[in-house]
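See below for the structure under consideration.
The values are calculated or read from the model by the stated rules, or taken from the named source; none is laboratory data. These numbers were taken from a predicted model, which means no experiment stands behind them. Cβ coordinates were reconstructed from backbone atoms using ideal geometry, including for glycine residues, and neighbour counts include every protein chain displayed. Heads up: the accessible areas ignore ligands, DNA and RNA and are worked out on the full protein's heavy atoms, side chains in. Shrake-Rupley method; radii C 1.70, N 1.55, O 1.52, S 1.80 Å.
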Amino acid sequence: ADWVVREVGALLARPGFGEAAWQQVLNTEWGGMNEVLYNLYAVTGNASHLRAGEWFNHFLWTAPLAIGVDDLDGSHGNAGGNHANTHIPEIIGSARGYELTSNRTQHDIARNFFDILNGSHTWSTGGSNDHEHWHAPHQLGDDLDGQTEESCTTYNVLKVARHLLQW
């Protein structure tokens, strides 16, 4: 964790790089780094772990969710739909961040994501994506095939639900 704090902190402090460039880095699949760092903060109380967890909040992607806008299909910029297993761990991290900081925006991101996902992008069996991507809301039949409902994404959505149900 200290390596992450040191290296990402140095990157963010680099002249000409900054937060906007970091948000572009977060367009890749980076797993649940925010959740891991928040969990480490919960154990250690080390504020640098909390700060590092916050660095992994991908606000370019979560900003619409914070205000209840459904952009899961990527219609506002990500052609082909957003990659579910890139983003669900981000939501798990937002939920954990809320639990540790009471940050209302993180709460709203997690709650709105879950409501949007279940209201517009989920089959009756609980799966929510095709080839790990979300597509147009309420058009699930268009995407139904042999690569629908990957179990890893369903598992991660259940992790989001566990957090929400504990609130």
**Request:** Of the numbered conditions (1) at pLDDT 95 or above; (2) more than 15 Å from Asp2 (Cα to Cα); (3) buried (at least 19 other Cβ atoms within 10 Å of the Cβ); (4) among the aliphatic types (A, V, I, L, M), Leu26 fails exactly one; give the number of that condition.
**Result:** (1)
**Request:** Taking Ala10 as meeting all but one of (1) more than 17 Å from the chain's Cα centre (by Cα); (2) within 28 Å of Trp167 (Cα to Cα); (3) without any contact (Cβ under 8 Å) to a residue 40 or more places away in the chain, write down the number of the exception.
**Result:** (2)
**Selected residue [open to solvent by 60 Å² or more (accessible area, probe 1.4 Å), under 14 Å from the mean Cα position of the chain (by Cα) and modelled with pLDDT of 95 or more] from Val36, Val43** = Val36
**Message:** Condition (residue is open to solvent by less than 40 Å² (accessible area, probe 1.4 Å) and part of a helix (DSSP H, G or I)) applied to the range 128-139: is it met by at least one residue?
**Reply:** no
**Prompt:** Can you find a residue in the range 92-101 that is open to solvent by 40 Å² or more (accessible area, probe 1.4 Å), under 17 Å from Tyr38 (Cα atoms) and among the polar types (S, T, N, Q)?
**Reply:** yes
**Request:** Taking Gly53 as the residue in question, decide whether it is open to solvent by less than 20 Å² (accessible area, probe 1.4 Å) and assigned to a loop (DSSP other than H, G, I, E, B).
**Result:** no
**Prompt:** Are there any pairs, at least 6 apart or on different chains, whose C-beta atoms fall under 7 Å, with the first in the range 115-132 and small (Gly, Ala, Ser) and the second surrounded by 14 or more Cβ atoms within 10 Å (Cβ to Cβ) and not in a loop (DSSP other than H, G, I, E, B), and if so, which?
**Reply:** Gly126/Thr154; Gly127/Thr148; Gly127/Thr154; Ser128/Ala84; Ser128/Leu117; Ser128/Thr153; Ser128/Val157
